[in-house]
Structures are given as C-alpha cells and as structure tokens.
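Each remark here refers to the structure printed beneath this line.
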Amino acid sequence: MLIKRTERQARRASLAGALSSQSGGALDRRTFLRRSGLAAGALATVGALPLVTMRKAEAGPPAAAGAQVTIRKNICTHCSVGCTVIGEVSNGVWIGQEPAWDSPINRGSHCAKGASVRELVHGDRRLRYPMKLVNGQWTRVSWDVAINEIGDKLGEIRAKSGQESVYWLGSAKFSNEGAYLYRKFAAFWGTNNVDHQARICHSTTVAGVANTWGYGAQTNSYNDIRNSKTMIIMGGNPAEAHPVSLQHLLEGKEMQKANFIVIDPRLTRTAAHATEYVRIRPGTDIPVMWGLLWHVFKNGWEDKEFIRQRVYGMEDAKKEIEKWTPEEVERVTGVPGAQLERVAKMFATEKPATLIWCMGATQHTVGTANVRAFCIALLATGNVGGVGVGANIFRGHCNVQGATDLGLDIGTLPLYYGLAEGAWRHWSRVWEVDYSYLEGRFETPKNMGIPGIPSTRWFDATLLPKDQVSQKDTIKAMMVFGHGGNTVTRMPEAAKGIEALELLVVADPHPTTWAALSERKNGTYLLPICTQFECSGSRTASNRSIQWGEQIVKPVFESKNDYEVMYLLARKLGLAEQMFKNIKVENNVPVAEDILREINRGGFSTGYCGQSPERLKVHMANQKDFDLVSLRAADGPAKGDYYGLPWPCWGTPEIKHPGTHQLYNTHLHVKDGGGTFRARFGVERVIKTKVMENGVEVEKEEKHNMLAEGSYSLGSEIRDGYPEFTYAVLQKLGWDKDLTAPELATIQKIGGNNPGAVSWAIDLSGGIQRVCLEHGVIHYGNGKARANAFGLPDAIPVHREPIYTPRMDLVAKYPTLPSRREFRLPNIGFDIQKANVENKVGEKFPIILTSGRLVEYEGGGEETRSNKWLAELQQDSFIEINPADASARGITDGNWVWVDGPLGAKARVKALVTERVGRGVAWMPFHFSGWFQGVDQRDKYPKGADPIVLGESVNTLTTYGYDPVTGMQEPKATLCQIRAA
Amino acid sequence: MAGFISHARLIIGALALMFVFAAAGPAAAQQPSSVNPTAQAVSEDQLLNALQNRGGTISGRVTIPDQQSATLIQPAGQDWRSFHERTLKWIGGISVIGMIVLLIAFYLFRGMVKIERGRSGRTVVRFNAFERFVHWMTAACFIILAISGLNITFGKSLLLPLMGPEAFTGWSQWLKYAHNYLSFPFTIGVVLICLIWIAGNIPNKTDVEWLKRGGGIVGEDHPPAYRFNAGQKMIYWIVVIGGAAVAITGYLLMFPFYGTGVAGMQLSSTIHAIVGVLFVAAMLGHIYIGTLGMEGAFEAMGTGTVDENWAKQHHRLWLEEEAARVGPNDSEAQARARAAATPAE
Amino acid sequence: MARMKFLCDADRCIECNACVTACKNENEVPWGINRRRVVTINDGKPGERSISMACMHCTDAPCAAVCPVSCFYTTADAVVLHSKDLCIGCGYCFYACPFGAPQYPKVGNFGSRGKMDKCTFCAGGPEADGSQAEFVKYGANRLAEGKLPLCAEMCSTKSLLAGDGDIIAQIYKERVVKRGYGSGAWGWKTAYKETIAS
C-alpha cells in the first residue's frame, strides 16, 4: 500500500523542482504568508512574489484531460462587503473556487455563503424554465408565451385600473445596471410604485444620514476601520451578517489595541469578541445614545471646535439629551450608568472612533430618528470626516447601496435627483426622450412628483378599500424581480394580499415564498432569472466601491439575465425603442457596459459619473496594487485611485478623479477624495417667531448660518463655507473662464434662457465639477451637518416606545407619533399602541420578539436554503429563549415550541435555550419560510424547485409599525408568548 | 502497567459519560455594569485542566444535527488507544495463549480422562437434537466471531505482514461482515441456551462439594454431579453472561450513536474486547474438555447419547434421576424418550 | 521538511462556517459528512469562543495506531492520510480520535459505517496526484499544486491557519504578543504534544 506513497514523494519532489519559488514541497514562509493572506506591513510591500493561482488543468474536480481552465472574477452576491469570487471554468462548467488574494476587501477570505456560491449556479433546486399557475398546477411555458401573456395582462390592468396599480418590486441583487434599468422601466411605464429591499433594511439610514450631512451612505469603509481606536457596533451583528468585515474589525482591534464595544440586545457572535458588551432592551436606541451623550456633555468631552465649525443645532440636541439622566436611561433601557459613562469616555476621547450600525438600528418605527441620534453622537465627538472615524453603516445585500443609489425607490429618480420636474427633465435629457413623452406615460403629470407606496405596505395598498389608497385604484399586479416574499412584516396579511392580486410575476432564480405562500390558483408566472455569476455588470459595495463582475458561466437551464427579461418586456409593451435608444442590444440582451455609460452620463449628483466600465475593469484586473488600509493604488495603471472608485467619483471619467474613500474628509484635497459636509440645506435658516413687545405682537426673524465656519477641505481656494455651485456662481467668481467651449455649450443648451441656474448636478458636461475641483473646492458646497434636522417629523430624535412594548408604563411619557396619512396610505400606529396599552397586550405577550441574521443564510433565504452546502448547517427554524424564560415554561433546548403573536398568528419552531438573549427577550432568524403557522407548504412549490430547508418565518409573527420618513417596518421589537409544542 | 492505569481511567471517564463543562459564575440577576467578553474568554488550558484525569470532553454547541460533532476534544480517545493497543493485547495474549499453554501442559500431565470402567455399551440420552442444534449453531457462530474478533485485534501484527495489505483488507472486510451478521444467530443461540438449560444450571450444594474436591480434575476422584456439574455450570454462566455482555456492547458498536455517544462506545468496545478474549479463553477450555480432555464427552453433543459408565463416572446423580424417571436399562423407553424429545425426526 | 498543521485562533473565529462550506465546495463532500465543523464553547456567555475543528493530522496519530488494517499513512509533510481501498469501516479511529474527525457514510447494513472519510489537509489520497480517481475518493489535492487547504485559505478572519507548523505557530505567537491575549492553540497539546508559549 505504501508503495504509492513513495511514488507520491517522487512526484512531489519533481513538482517542487518545478515551483522554484518554493522549497521542497513545503511552502516557504513568505509564500505561505502570501497564500494565507497574512502578509502585512513589511512583507506585503516586499511581496512581488509570483503567485501560483492558476489551477492546473488536471486539478480537482479535475477538468477533462486537455480542457482549458479559465479564471473569471465576479463579486459575491450575498452581502455588501463585496468579496471577490474567483471561478475556474472548464468547458462552460464552473469547476472550482479559489481565494481572491489580491482583493483588498476580502484578501482571499469568504464566509460560509461566499465559500459556497458555486453551488448557487449548479444547484439543482433552481427554477429551470418559465412556469405558470394553471388551476393550481405549475405548468411549463415558453419564454415567448410568458412574456406575451404577462404583457397583455399588464396592458389590461393599465387600461382598467391605471398604471399606478402595477407595483414594480426590484432587487438589491440586481447589478447597478439592472437596478438602473428597472427604475427607468418604471418611469417609462409611468409610476413611482417601484421599490426594493433597501426599504426594509437601510431606508432609514439613507434618510437619516442624508438629512444630517448630505449623502445617504457609509462614510468610510470596512478597511478604514483598521484605523479606529474605538469602535461601537450598535444594532448590528457583522460576525454573522458581514463576516469578512470582521477581518478588518478584529485585525484593527488587535493592531490598534482598540476598544471594541458592542451595544445590542443579544450577546452575538460579534459581541463575543467585544471588549465591552452593553445589553439593551430592543427599541431603546435613542435613550441609550442620549444617555451616552449625557456623559459626554456633562464631562465636557465633546469636540467643541468641530461643533462650532461644522455642526448646526447641537444646542437644540443638547436640550433633549439633558433629559436623559443615568437613572432615567437605566429605567428605560436597562443599561447601568457606570457602563455608559465608560463607553462615552472611550468614544469621545479615544479617537478616532467610529460607530457601526446595521438593521438593529434601522428597522424600527423610530428608525430614522435612531440613525439621526447616532449621527449626532458622531458630530458631538467630532468623529466624522476623517480617517478611522465615521458612520460605518453596513448595508445588507450585495448591491443594496447601488440599487438605492440608482433609484429603486418610491421617492426618487436614479442618484437621488428626487421627483421634482427638474429631476425628470434632467433624466429626459440623459435618456434623450422628450419630457412630454414621459409626462404622457403617467396618468397625470402631477403623478410624476408623488412618491409611491413603500414595499412594506404593498398588501395594505392591495387589501384596503379603494378610497383609503390615494391613487386611482388599489394594487392589482406585483412584478417581483429578486425580492423575497417573507421579508416583510405581517405575513398573514401579505398572504391575503397575494391572493387578491390579479397578476403576480416572480422573476428570480428560485420560486421564492411568493410562489408558495398563498392559495392562488391562476394568474401567476415564474420567470427563471440567472444569478449575477451568470451575468456581467457592476455592483456597489457598502463602502461605495464599485466592482465589475464578469460572467463566470452562461445562464444555466432556460434562465435569462435581468437585462434581457426587462428588454423583452419593454419590447412587448412598446417601450424598447425609447428605453434602449443609447444602449446596444445584442440578441435581446442589452449590453451592461452601455447601461453603465448611460449612468455615468447622468450620474453627476452622486459622483457616479467617473466610474466608466473601462476604469472599473482596470481596477478588477489590478486589485493587487491597492493598499489594504488606504485602499489607494500606489502603482500600476490605476495609480492614485481608491479601490473601486468609491462614489463620489467626480467629473467625467477622463479627469480621473480617484473616488472618495472617506466622505467629508477635509484633510484631503478634493482631487484626492477630500470633501466637506454638503451644503444641501440652504445658506441660511430663517426662523420667524412672534413675540410680544410692549403689548404688541411683533414678528422676529432669526437667521442661522448653515455654511461651515472656518473649515474647508485641504487646498481650497475658498477658506470658509460656501454654497452649492451653479454656472452663475462660477461667473461671480470669474471661474467660468476655465470652462472649455464644449462644456459651456452644454451648459447653455441645458439652461436655455437661464444658463446661470444650471447646477453642478445637472451639468451634463461635468464642466462645473471639473473647474471646482481645479480650484480645490467641492461643487456641492461647504455646509454644516445638521444636529437639528428641521423638516423631519422629529427634528431632534426623541424616544418613542415601540408600538408593541412590554413597558406599557412608559407609553404615556414616550408615545409613538400620532396617526396620520403618508405614502398614499394611512398609518394608524398611534391608535394601535393606545389599544395595546388598554388591552394590556404587554402582559399577555410578555416576551419581546426581535429578529436577525444567520451567517449561513441571506435575506428571505430561498436561495441559500436551496444550497445544500449551506442548508445542511441550519436545518430548522428556531427561536432563542433565555434559560429563565424557558424553564418557567417547561421548555428545554431543542424542543419544538409554539410562538404566539399578539394578532393570533403562531409559528412552530425549535427552542434554542441560550443566554445569548436576556430575560424577557426572544430572537428568531428571519430567513425561513415554507412553513406557515405550522403547515408545511412544500407541495406548493414547483416540483424540484423547493428549497432543501423550510421553516417558519419570523414575519408571520411581526406586527404593525412604520417609520414616518421612509415607511420602514418594525421587525426588531414586537411581542410574543412561547409555549412548549 | 501504565496501560492498566489508563484503562481504569478510561472506564472511570466513560462512566462519567457526558461531563459538561459549566462556565464560571452564575448569570447575574441584575445587569452587570461591565462585561468584557475578550477578557472573559475561556481558554483551552482552563478546560483541559478541568478535565484532568476525570474523563469527559470539551464540548460546545454546533448547528448541524450530528450532536456528536459538538465534542471538540475528547482526551479519552488517547486512553482508549492505549487500552486497545497495549492493555488489550496483553490481556488477550495472556488469556488466550495462556489458556492454550495451560491446556497443553495439563494434557501432557494428566492426559485424557478415561472412562474408568470402560464403555458399558449402554447409552443414555444426554442432549436431544434441538439442544444440540442450538449448541452447534451458537458454537459455529462463536468460532467465526472469535476468529474475526481476534483478527481485528491481532491480525495486523500476525497476518498483515504475511498476507499483504490488500489481501488482509479483503479478508478483514469479510470477517467484519461475518462478525456483524453472525452476531444475530449467536445472540439467538445464547438466549436459547439460557432458556433451555437454566433448570440444570442453578448452583446448589452439590456444586460446593464438587468444587471442594476440585472437580476431580486432578487425581482419580469423581465428585458426584447432577446433569451439569459446577464446571459446566460455570461454562453455562460464562456463555450466558459473557454472551449477553458481548451482544449488548456489540450492538452498541454496530449501531453507532444509537443510545450512546463516543464515550459509551469506547466503554462498550473495552468491555466487548475484554469479555471477548476471556470468552475465547474459556471456550478453549470447554472445547478441550469436550474433545481431547475427556473420553466419552464429545458424543454428548455429537450423537446426543453418552455411555452409561461415563454418566456414572461424571454425573452419577443425574443418571440416578434419569433412571428413576424412565427405568434403568430400558432401551425401549429410552428410544421412546428420544422420539418424544425430537418429534421432528 | 515542512510539518503541516492546523491552528484555529479562537480569538478570531466567529463561527462563520466558511471553512465548512469551503471544504464541501473543494472536495464535494456529500450531505451528512462533515470533515470540518465549528464548535462554540460557552455559547451565549461572555466567555464564548468558537473553534473550527477537523482532523489535526496528529503527531503519532491515534487513528493510525488503532487501525486494525493499518490503512493510514503519513506523508512527507506529516499529513495523516488513509486508503479507502484498505479501510474496512470498523470505527476504531473514531473511538481513538480526540477530535471526532473520522466520518462514516451510512451504508446498507443496519445503517452501519461505510469507509471512513476525513479531512485530507487537501492532500488527496494514495492515488495519482490530481487524478479523477483521487478526487472522487478523497477530494482535491491542493498540496500537490502548491496550495494550502481551502478552509484555511478562505477563512473570513484569518483565524484558521494551515501550513508549516513552525510558521503558523510563529504567526500565532506574534498575534498573541501584539494583542495581549489568546485562548490557546486549541488541540495542539492533544495532537502535537506541544503548546505555543506566549
């Protein structure tokens, strides 16, 4: 037997000879470090070592003898970290994955999901061909039939109920190009009822952050956290949700000996590595943050100079903060004062400090206010706009940042232009269609400016009486592209909503919960969409870096990519000619590069203008040149660029702006990615008050400066605050002379009679941006960030108890906002909260139910639960219960239990008895579905396309509650009761 | 000797079965004002020290259904190894080879125990066909189980060098199947043996006398005995108790993780092996007495009948009982009794 | 000659299970066989630590010692491998292994054990390096290509280290010195009879 061993040794010896950089079969230290991604510091800079990354043709799973093995790079589709995936392809089959050592984001690493993406493509649970529900039976149809029937039905609904009755639900798993095309599609269809997963994950972040300092995105990056001396993770569990980010966090923690503070209701896998863990009651983020700032202000730890120069309204915030004494904070949140004081001191004095959050902060009826409180904490301590600081918001899906940026949103066109006429005119210029054509597509021109219905409430807009929905008719058709059906709260009502629809189209690699949840018998189509690994395009990671993914293999089975399906539908609806005017279409497939070029041409507002497909591809090909910490290329063809040209990347691609690693960083020149807070909220705020003077009522006017004072970015020619730039401002400064003739011509063409009004955001030549950068100023102005975000329902965040709260004693003092109408629908949260207190719901359902992510699954989980390598690791839906609560109910670990929701819904799950959750708190993962209130729905999936693992969804139990600013749902704080099954 | 100590440790450890390591400090009722998970981390040293010499495992939580995989480190594996590779080989070697040596020496010293008065020519039924069937079924199974069992313990030292790895694996693989499958008829045999002969194997006063006189093995003494003398009773109880022990432990090993974890399986394997080799040794003695060691003994299980003089010599009390029941020298009655006992014939 | 070892830095491990699925992916290990797994000790308590565990490729490997058919062998890199052609599925290696590494597919007879399967350190088996036969029985042979096991290469936090024992011990030691804490090189005492002093 051991004869073979000697043969092996002989072969190994000859192999070792061939790999001259390696010593005798073993790896030398340097090669090892390189391969294990451990090279750091000196070793990394030395390391021009050749890497043996090409798999030999005979390697396993061995390709057929002599077959060519090609290497293709794409981006993991599972979270916003943006890990590079390297696929080895032989004969059109994806035969292996290799670590992507060169990516500065993941350095070869993956989590469970990333390490198993190959199975997504070859998995046998994929939807193979278009299907249609005929009298309750799934029937195979051809693409032609499906597109024709869907198109005809859409036309019928449009004629009868109007274009607003069709809801276009898009996806954070689209590429940027797909997201943009889908938004464009909705615009051409004539509705703003278009949304995607950002609604249910970080819509409140975007609203809160953008309303504070300008842009709704992570200010820094995963890599930049390596510079932080203190990091607070509040309402996030990146160890499970963004595992590869922990590489940066933990290495940062070790290298900087940093404070690693986790504030969370659960002792999560992230908290297990904290240096300080603070347990809070779900839904009390604002009191905790105010309690923290109470210590900051009391001890004078705030950054007074920063506040003076760059912050508006901190005094107003302070008034609210002063109410939150340690005693009141402990009464409301359960956090001891001494602990918060310690955390406050670290955060304010051991700088740079960063605040990291995720859906624990955002998914609340007070989501926007939570985010605003977090921003105020950063502003008060001067921890924003630099290296190692900032709001490090970990977005969820792989392209939720990009899809948000590209306007898959009920309230804006691509790139945050909004819905005002100017925005429509801007995009009609980019699309080269007449404004009047777009007007004609809508029911009335006025509808173009009315925000749509949030995805959290599509079923309310389906089920409510017509007169309660502020549009021509209720929702009649759902066009669902890449969006789970179990990720929105109040699932029992969603099930009824699905049944009430006339048309349901699910375009996805998997049938999803949409296909199985209801008792629908007809009018349902499933369109097989390929994964992003079978498609090329760009995606924006959480840190705003844009990465180009190349197709690894051709779409499997009969699946098609998003672009092609949108094109086919547009063609059927007669929109293709206008929509694809400037986009090349090959064999019905629009070319991704062309779509990105169109985005570049219109993307000036957010700095999506400089990332041409060519530049992005250069970055992907030269990942090794980018520094791990600064993300900047020291050498190579992308020298000087930040990795992935993180937006804003100003001007046209030709001016080669490097992108922006840290937003609002005044320590850098704007041409090096520096910037200031955006002057988005005017030059002055005028407050008119009526006061009695000598018995006469007089109106007094108070003027507040909204521009920065004495703060400016490095090398700025204007050494103080300044407003946004328009052509008129350029003229005043005499900088208009620097515009080239073609630039000026474009500005004049856009401006018509009033070229002076042409702003930096709608100047399609990029000239205003170019000239500003030359003068070291930033075209969006140099304003103050707002501690007082006037205009929001709570300009200064105040604590509001969750609608379903066990602390009914606190509701009188901290009630939710009054009931009102918003987004075309009524929001009756206040009435429900009041009724809950009257009915003592908190006593009957004494356990707080909160939800979150598992590392093995993603989102609604259909895709990952169909992946056998992942599904094996989590085979049952479960609920985490504190041992005290469990023993009081006779529940032991691993038992089946019934979880009862306050609205009568119930779920049968396994008990996981653990101290991860505190007493009175239970936690469920949100990835499961396929069981509904104890009933296994496996039969309802098309045969063979059912996920391997099914289970109860937490959203069967979650309840009412919507953020006033974005319509965000409340899955993080509701109530339940648990009993042994 | 070290082997024995570690073996003892293994058993103690195995008996402790699932020692679950409890964290220091109970959960506080009120929220503590400082929780530092980095500083409070468990270390491997702590956990290993806690296990020191007490068996048990370092275990935690896994998400996969296979709860065996929740055991991170089980140091008892090392003890099992040392038992299996050293202690067992000594026990097995000493008991099996020792028994063979003993028997050879005894044979040389004592020779075959003859029927003192020679054969009478008259026979008595000793075991009916069913009894013989049960005996031989069990015996045949036992021999193969023994060979396969010894093979798995000693084969790699004795046979592997001779046969070469491929052939030895083929042979061992078949013996493994044989061991697994034949365990069923063997177990049935043991159960039947237990039932059909229990009446004659309850110890009584005669046995004390018999044992006092050393069973007459040495010298020419022949202490009286009923159907089974004390020596045979010992064999009976060895078969019943030993058989039960190997059967139970064997099935625990054959159906992994049904009803026991790895510690239980280590213990099972230890018991199985020790009882197994002692069983083999005992059966060697049994085989010796039944064949070479005693004239006229084999036919009891061979044809089912024994010579009257043999019976008189070794089982006088039984013969008297039989005579009282069917009458002496009544060959017809004897034939009837035989027919009645074996209706199948 | 290099002496290959695994080391899981529990102060980095976050139980992300990348090692588990990377292993499945690279070796196409079937459902129910877990060559690698992550165990969380003191789950939910502040001292909680997760450790990724597979075959540690012990010095003087107990599995090899107890194997009744001697189907194990140790490569020049000190990787403990076995021949599935010789294995009879007796289960002894599972009793002896301190780390629960051996896995057995359930086969027909009473759901009992088939031929043992375990982590190969991505070094395949006795068949020709990189051959189809080797892949089907044992999975990939990355070592022969100058690569390390994919579980360690893909570890999300660089917690799981694989490679020359001296080098990874050095890396771990440097980490512990730099950060000032370390819960130990889990399994090293048991597998290699050594500790990494820090």
Among A:I86, A:I95, the single one that is part of a strand (DSSP E or B), within 12 Å of chain C (Cβ to nearest Cβ) and modelled with pLDDT of 95 or more is A:I86
Sort out which residues of the stretch C:157-191 are under 14 Å from C:A78 (Cβ atoms) and surrounded by fewer than 20 Cβ atoms within 10 Å (Cβ to Cβ), and write them in order of number. C:D166
Restricting the stretch B:245-270 to residues that are hydroxyl-bearing (S, T, Y) and assigned to a loop (DSSP other than H, G, I, E, B), the one nearest to B:Q78 (Cα to Cα) turns out to be B:T260
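Table: residues versus (1) assigned by TED's automatic domain parsing to the domain that holds A:R919; (2) β-branched (V, I, T); (3) without any contact (Cβ under 8 Å) to a residue 24 or more places away in the chain; (4) crowded, with 23+ Cβ neighbours inside 10 Å.
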| residue | (1), (2), (3), (4) |
| --- | --- |
| A:G236 | no, no, no, yes |
| A:H242 | no, no, no, yes |
| A:I261 | no, yes, no, yes |
| A:T275 | no, yes, yes, no |
| A:D285 | no, no, no, yes |
| A:E328 | no, no, no, no |
Conditions first: (1) at pLDDT below 90; (2) under 30 Å from B:T270 (Cα atoms); (3) touching a helix residue (DSSP H, G or I) at 6+ places or on another chain (Cβ under 8 Å); (4) at the interface with another protein chain (Cβ under 7 Å from one of its Cβ atoms). C:R113 passes all but one, so which condition is the exception? (3)
Starting from residues that are more than 9 Å from chain C (Cβ to nearest Cβ), touching a His at 6+ places or on another chain (Cβ under 7 Å) and not charged (D, E, K, R), keep the ones in the stretch A:221-270 and report whichever is farthest from A:T77 (Cα to Cα). A:F260
Residue ranges of strands (runs of 3 or more DSSP E) in the stretch A:905-966 with at least 3 members without any contact (Cβ under 8 Å) to a residue 40 or more places away in the chain: A:906-913
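Can you pull out the helices (runs of 4 or more DSSP H) entirely within the stretch A:710-802 that have at least 1 residues that are touching a Gly at 6+ places or on another chain (Cβ under 6 Å) and polar (S, T, N, Q)?
On the way: elements: A:727-733, A:741-751, A:767-774.
In the stretch A:710-802, the matching helices (runs of 4 or more DSSP H) lie at A:767-774.
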When you check A:G313 against the structure, is it surrounded by fewer than 24 Cβ atoms within 10 Å (Cβ to Cβ), small (G, A, S) and more than 30 Å from A:P104 (Cβ to Cβ), yes or no? yes
Just checking: which of the helices (runs of 4 or more DSSP H) contained wholly in the stretch B:112-223 hold 3 or more residues that are closer than 22 Å to B:M301 by Cα? B:129-158, B:165-197
The stretch C:150-185, residues that are within 14 Å of chain B (Cβ to nearest Cβ), on the phi > 0 side of the Ramachandran plot and within 18 Å of the chain's Cα centre (by Cα): C:G184
Specify the residue that is nearest to A:A380 (Cα to Cα); the eligible residues are those in the stretch A:334-358 that are touching a Pro at 6+ places or on another chain (Cβ under 8 Å) and more than 10 Å from chain B (Cβ to nearest Cβ). A:I356
Take the residues in the stretch C:83-104 that are more than 7 Å from every other protein chain (Cβ to nearest Cβ) and touching a strand residue (DSSP E or B) at 6+ places or on another chain (Cβ under 7 Å), then tell me which one is surrounded by the most Cβ atoms within 10 Å (Cβ to Cβ). C:Q103
Scanning for something at pLDDT below 90, part of a loop (DSSP other than H, G, I, E, B) and more than 14 Å from every other protein chain (Cβ to nearest Cβ), does the stretch B:229-238 turn up at least one residue? yes
Test for A:E558: is it in a helix (DSSP H, G or I) and more than 22 Å from the chain's Cα centre (by Cα): no
For the subset of the stretch A:112-149 comprising residues that are outside any helix (DSSP H, G or I) and within 29 Å of A:L246 (Cα to Cα), which member is nearest to the other protein chains (Cβ to nearest Cβ)? A:A112
Any residue in the stretch A:564-586 that is in contact with an Asp or Glu (Cβ under 6 Å, 6 or more places away or on another chain), buried (at least 23 other Cβ atoms within 10 Å of the Cβ) and not aromatic (F, W, Y)? no
Say whether the condition of being in a loop (DSSP other than H, G, I, E, B), touching a strand residue (DSSP E or B) at 6+ places or on another chain (Cβ under 9 Å) and without any contact (Cβ under 8 Å) to a residue 12 or more places away in the chain is met by at least one residue in the stretch A:451-461. no
Residues within the stretch A:498-537 that are outside any loop (DSSP other than H, G, I, E, B) and either farther than 19 Å from A:S161 by Cβ or not hydrophobic (A, V, I, L, M, F, W, C) (or both), tallied: 19
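Looking at the stretch A:262-315 only, could you name the residues that are outside any loop (DSSP other than H, G, I, E, B), of a type in the set (A, V, I, L, M) and within 18 Å of A:I356 (Cβ to Cβ)?
Matches in the stretch A:262-315: A:V262, A:I263, A:A271, A:A272, A:V278, A:I286, A:V288, A:M289, A:L292, A:L293.
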Subset of the stretch A:866-903 (residues that are more than 21 Å from A:E915 (Cα to Cα) and of a type in the set (G, A, S)): A:S866, A:A871, A:G901
Tally, over the stretch C:17-50, of residues that are outside any loop (DSSP other than H, G, I, E, B) and within 12 Å of chain A (Cβ to nearest Cβ): 16
Inside the stretch A:842-888, counting only helices (runs of 4 or more DSSP H) that do not spill past its ends, which hold 2 or more residues that are more than 10 Å from chain C (Cβ to nearest Cβ) and more than 24 Å from A:D900 (Cα to Cα)? A:862-865
Within the stretch C:88-99, does at least one residue satisfy the condition of being on the phi > 0 side of the Ramachandran plot and in contact with a Pro (Cβ under 7 Å, 6 or more places away or on another chain)? yes
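The values are calculated or read from the model by the stated rules, or taken from the named source; none is laboratory data. Source: prediction; values computed, not measured. Reconstructed Cβ throughout: ideal geometry from the backbone, glycine too, with neighbour counts over all protein chains shown.
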